Amino acid sequence: MTGLCPHLAIFDSHAHLDAPEFDGDRARVLRDAREAGVMEMLVPAITAAGWPRLQALCASEPGLHPAYGLHPCYLAQHAEGDLVALDAWLRTHPAAAVGECGLDYMQAGLDRERQMHFLRGQFEIAHRFDLPLVLHARHAFEAVILELRRFGKPLRGVVHSFSGSEQQARQLWDLGFHLGIGGPVTYERAQRLRRIVAQMPIEFLLLESDAPDQPGAAHRGERNEPAHVAEVLRCIAALRGESEADVAAATSANARRLFGLG
């Protein structure tokens, strides 16, 4: 395995470790992540049906922190009562965040009004429970930023897999949101993203895998794993001209602070 960073404590701020793609070797994946220095992970939900499985997984392993939400790409699996169910679930199941939620204007066939309905509902729930948001924004950064401004009440969180402009990045920081950066930054063609990551204030930076999706350049076409965040760390440290230890420490502290982990 490549990218071992055993002396570092890396926080993967977005890993779908509960996904069925890991059912055959989840214990090995976790072991490899620990050996690579990835000691903590946020595990975000995508549908209400998956909340119990995700909760059980996070309860079974140290360093796994659950987020519960309704992903915009899974509208067909969301029921109108799911927002009420999410509110009730959070009253009895502690969470590090609300999400994964957001807007996806890239995938064909997704009702934008219905996406907005679930997003606004999760804004309300995050505010009510004083929890951060884990936001998905694909071809929808301007729409997400506009909704955050329209909400008019304090919110915080992370826009995971950020791929927007420098102006959009600054707008999100001003609104109290971090940027989640993962495998895409390791591709040399991602010049705009690399410029943003090289120059951005480190207090708004989080590392992520988005496993099993979005593998980095060294794993093109493969299933992504949390252990590969060590390679994201190495790339970002080089882009910023900083040590891997400093970037790991800062981004892990950012994640722990954002997700209320002490």
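Based on Cα atoms of the chain, Rg over Rh with Rh as the Kirkwood radius reads 0.94. When W51, W173 are sorted by how many other C-beta atoms sit within 10 angstrom of their C-beta, beginning with the fewest, the order is W173, W51. For the stretch 193-203, backbone phi angles converted through the Karplus equation (6.51, -1.76, 1.60; θ = phi - 60°) give residue-by-residue couplings of 4, 4, 5, 4, 5, 5, 10, 5, x, 5, 5 Hz, Gly and Pro being listed as x.
For the stretch 180-239, trypsin sites (Lys or Arg not before Pro) meeting the loop criterion (DSSP other than H, G, I, E, B) and having at most 15 other Cβ atoms within 10 Å: R189, R220, R223.
Values in this text are rule-based calculations from the coordinates and carry no lab data. Being a predicted model, the structure only gives us computed values, none of them experimental. No Cβ is skipped: glycine too gets one built from the backbone with ideal geometry, and neighbour counts run over all protein chains shown.
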